[in-house]
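A short worksheet on the structure shown next.
The values are calculated or read from the model by the stated rules, or taken from the named source; none is laboratory data. No experiment lies behind these values; they were computed from the predicted model shown. Glycine gets a Cβ as well: all are built from the backbone with ideal geometry, and neighbour counts include every protein chain shown.
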Amino acid sequence: MTVPTAAAASCPLPATHDDERRQMVLLTAAAGCVAAAGVAVPLVSSFAPSERARAMGASVEVDISDLPPGGVKTVEWRGKPVWIMRRTPEMLATLALHDNALADPASRKDQQPEYARNAQRSIRPEVFVTVGICTHLGCSPSAVPVGTANPSVGNDWKGGFFCPCHGSTFDLAGRVFKNKPAPTNLEVPPHRYVSDTRLTIGEGPA
């Protein structure tokens, strides 16, 4: 049996083996670069502003043709909930019945555009538009109708909004009642009508 000598054992690999090894290294590196690029693209695109972010400051057009009397529709504007309520004649009649119980019944504080600085705090008396965020600590109140069994609003409740977080109450024009945590009325955002059944939130009348 022939035993390989030390010289034979230490001989370098043939040149063809080096070429194959070099090609394998290059292919592996190339595959790694492609994989890295595939990861990088999603990461880069995640830094691009989303459609939602771009729309945060834009106005919002709303169809109110399907809003029933007494109903409330919620839309988003600048990341805030905006309520649109269609008030009935009975609801409007209650607004003059409790001025002495309100902190700012005439809406003297700057929380509404000039065209909404009236008894109804609206352009059209029956359609009330307001930001649905309590002016105390930014909680979200809920609509509470007249005749509710909620003990937090009192027996003479005429309908309005109640913030369960700290107990602030607002009437059907978003005006806050006295001795409540909320310091001011609900905000009325700029808005205008583009037709009888559509309004734009974020823009005032032309």
Of the residues that make up the range 196-203, is at least one touching a residue at least 12 places away in the same chain (Cβ under 8 Å) and out of contact with any strand residue (DSSP E or B) (no Cβ under 9 Å at 6 or more places or on another chain)?
-> no
For the subset of the range 195-206 comprising residues that are over 10 Å from I64 (Cα atoms) and within 23 Å of the chain's Cα centre (by Cα), which member is surrounded by the fewest Cβ atoms within 10 Å (Cβ to Cβ)?
-> G204
The listed residue being within 23 Å of P69 (Cβ to Cβ) and in contact (Cβ under 8 Å) with a residue 40 or more places away in the chain, out of V127, V153, V144, V176 | V127
Here are some conditions: (1) in contact with a Pro (Cβ under 7 Å, 6 or more places away or on another chain); (2) modelled with pLDDT of 95 or more; (3) not acidic (D, E). I123 meets all but one. Which one does it not meet?
-> (1)
Under the condition of being loosely packed, with under 15 Cβ neighbours inside 10 Å and of a type outside the set (A, V, I, L, M), which residue from the range 105-116 is nearest to A206 (Cα to Cα)?
-> Y115
Being hydroxyl-bearing (S, T, Y) and in contact with a Ser or Thr (Cβ under 9 Å, 6 or more places away or on another chain) is the filter; apply it to the range 134-165 and report the residue that is farthest from A101 (Cα to Cα).
-> T135
The range 76-101, residues that are part of a strand (DSSP E or B), surrounded by fewer than 19 Cβ atoms within 10 Å (Cβ to Cβ) and of a type in the set (A, V, I, L, M) | none
Restricting attention to the range 153-191, report how many residues are part of a strand (DSSP E or B) and farther than 18 Å from A119 by Cα.
-> 1
Pairs where the first residue, in the range 107-124, is on the phi > 0 side of the Ramachandran plot and the second is surrounded by fewer than 17 Cβ atoms within 10 Å (Cβ to Cβ), C-beta under 9 Å, 6+ apart = S107/R117; S107/N118; S107/A119
C139 farther than 22 Å from D66 by Cα, under 20 Å from the mean Cα position of the chain (by Cα) and surrounded by fewer than 19 Cβ atoms within 10 Å (Cβ to Cβ) | yes
